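Worksheet for the structure shown next.
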Amino acid sequence: MLTLPDSKLPRVGTTIFTVMSRLAAECGAINLSQGFPDFDPPPRLVDLVVEAMRSGVNQYAPMEGAPALREAIAAKVLALYGCRVDPAAGVTVTAGATEALFCAVQAVVRPGEEVILLEPAYDSYEPAVELAGGRVVRVPLARPGFRVDWDRVRDALSPRTRLLVVNSPHNPTGAVLDDRDLDALEGLLHDSRALVLADEVYEHMVFDGRAHASVLGRPALVDRSFVVSSFGKTFHCTGWKVGYCIAPPALTAEFRKVHQFVQFAVASPMQAGLARYMAEEPGHAAALADFYQRKRDRLCALLGRTPLGFTPSAGTYFQLADYSAVSDLPDVEFARWMTRELGVATIPVSVFSAGACAERLVRFCFAKNDPTLDAAGERLARLGSNGGPT
Ligand code: PMP
Ligand code: GLN
């Protein structure tokens, strides 16, 4: 008799992004849940990818990534953060940031070692740690504002801490780290064996004139960090699943040992197109903050006409809203109700934390054309007037 093995991830179900996008499609709701743009990548970038396919770039890319793309990444981080990385030994192209995060964890975390997550935390970190046999240690972000309480992080650090995961700009809260946070992080880790996994996929979406405080701007942190980003966010092509990981050569070597057996290599025409587009349009990323800030402001103006409470996001393409003036329902139920009854899909924020959640928060994605945001705003304006769900 065949007995199936116990699940290695017994507490994991289908991701909330899949669940809510599916529900949105079923209900014909405006989908502001899963984070993806409803507009296309720049036409020239699409042309360059098509051109690459037509000119025969259709076979396996090098395992570590196309040289031209790794060089473009190295040039970008030198220009933006003053960080000199060797494209040959310190940059790896991955199948989205998701693969990079997974490989970094598998490369360094051993059974019984601890990984500190700041909660709420993006949903892919914890399963990666569990599959590596590691133990997650959670530190809540401080309310209000979802800032990192570095004293609590210090208390959580132990000789068993292998990795500390930081995510800025932060999904789902939109909070960003600043220079003082990086000072604190640097000071804290000085005498520790812990490495850093920095998820910076929204690095080009920091608003109100602030600059992104990248781990890559701190040589002492670069020496112990995996820094992950995603072309999907930057070039409006989440479906292409192309990202990268920057790490010192010794860590990159370990990272690639995993990457070569998880993914081996990433779609070659996309890499060729992205490399050429980055060379042709070096200003694309710099224009992104203004582009998304306008969308944030548009959504916030619409939310201002509803009973929802909010503080404008400092970064990312997400906006949190507090619905406690409308309903006492737990957020998962409220998000379902909103999708079905109001026709606007969001992400309930409690799914990014392990414990019970008393907060009444949902996350809106504003990476949408203005008419999409306006149509959602019209539907949201009905909130409260019909009594809301109970
Ligand atoms: N990290 C964070 C914080 C994200 O929000 C996302 C995707 N939305 C990812 C990683 C994964 O990025 P990718 O789609 O490039 O795998
Ligand atoms: N990261 C995206 C979000 O936060 C979703 C990515 C996914 O669906 N895996 O919405």
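The values are calculated or read from the model by the stated rules, or taken from the named source; none is laboratory data. All figures in this text were calculated on a predicted structure; none of them were measured in a lab. Every residue, glycine as well, gets a Cβ built from its backbone with ideal geometry; the counts of neighbours run over all protein chains shown.
For segment 329-351, name all the residues that are assigned to a loop (DSSP other than H, G, I, E, B) and buried (at least 21 other Cβ atoms within 10 Å of the Cβ).
The one that is assigned to a loop (DSSP other than H, G, I, E, B) and buried (at least 21 other Cβ atoms within 10 Å of the Cβ): 346.
Which residues, counting only those in segment 363-378, are more than 16 Å from ligand 1 (Cβ to nearest atom) and not in a helix (DSSP H, G or I)?
Residue satisfying the conditions is 369 alone.
Could you check segment 335-361 and list, in sequence order, the residues that are more than 16 Å from ligand 1 (Cβ to nearest atom) and under 22 Å from residue 11 (Cα atoms)?
335, 336, 350, 354, 355, 356, 357, 358, 359
For residue 126, are the conditions met, namely being in a helix (DSSP H, G or I) and of a type outside the set (S, T, N, Q)?
Working: in a helix (DSSP H, G or I): yes; of a type outside the set (S, T, N, Q): yes.
Judged against the criteria, residue 126 is a match.
Please state which one of 41, 120 is crowded, with 19+ Cβ neighbours inside 10 Å, in contact with a Ser or Thr (Cβ under 6 Å, 6 or more places away or on another chain) and modelled with pLDDT of 95 or more.
After applying the criteria, what remains is 120.
For segment 321-352, which positions are closer than 16 Å to residue 17 by Cβ, out of contact with any Phe, Trp or Tyr (no Cβ under 6 Å at 6 or more places or on another chain) and hydroxyl-bearing (Ser, Thr, Tyr)?
Scanning segment 321-352 gives 339, 350.
Name the single residue that is farthest from ligand 2 (Cβ to nearest atom) among those in segment 352-377 being within 19 Å of residue 167 (Cα to Cα) and surrounded by fewer than 21 Cβ atoms within 10 Å (Cβ to Cβ).
Filtering segment 352-377 for residues that are within 19 Å of residue 167 (Cα to Cα) and surrounded by fewer than 21 Cβ atoms within 10 Å (Cβ to Cβ), the one farthest from ligand 2 (Cβ to nearest atom) comes out as 354.
One residue is enough: does segment 269-290 have a residue meeting the conditions within 16 Å of ligand 2 (Cβ to nearest atom) and surrounded by 20 or more Cβ atoms within 10 Å (Cβ to Cβ)?
no
Failed condition for residue 91, given (1) in contact (Cβ under 8 Å) with a residue 40 or more places away in the chain; (2) surrounded by fewer than 16 Cβ atoms within 10 Å (Cβ to Cβ), with all others met?
Condition (2) is where residue 91 drops out.
Report whether or not residue 29 is under 29 Å from residue 205 (Cβ atoms), in contact with a Ser or Thr (Cβ under 8 Å, 6 or more places away or on another chain) and away from ligand 2 (no atom under 16 Å from the Cβ).
Here the answer is no, as residue 29 does not meet what is asked.
From 355, 309, which residue is more than 19 Å from residue 29 (Cβ to Cβ) and either at pLDDT below 95 or not small (Gly, Ala, Ser) (or both)?
355
The conditions are (1) outside any loop (DSSP other than H, G, I, E, B); (2) under 22 Å from residue 13 (Cα atoms), and residue 294 fails exactly one of them. Which is it?
Evaluating residue 294 over (1) outside any loop (DSSP other than H, G, I, E, B); (2) under 22 Å from residue 13 (Cα atoms) leaves (2) as the failure.
Here's a check for you: in segment 199-229, which residue that is small (Gly, Ala, Ser) and more than 16 Å from ligand 2 (Cβ to nearest atom) is surrounded by the fewest Cβ atoms within 10 Å (Cβ to Cβ)?
209
One line per residue, one yes/no per condition, for (1) crowded, with 24+ Cβ neighbours inside 10 Å; (2) touching a strand residue (DSSP E or B) at 6+ places or on another chain (Cβ under 7 Å):
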position: 100; (1), (2): yes, yes
position: 113; (1), (2): no, yes
position: 132; (1), (2): no, no
position: 137; (1), (2): no, yes
position: 159; (1), (2): no, no
position: 179; (1), (2): no, no
position: 193; (1), (2): no, no
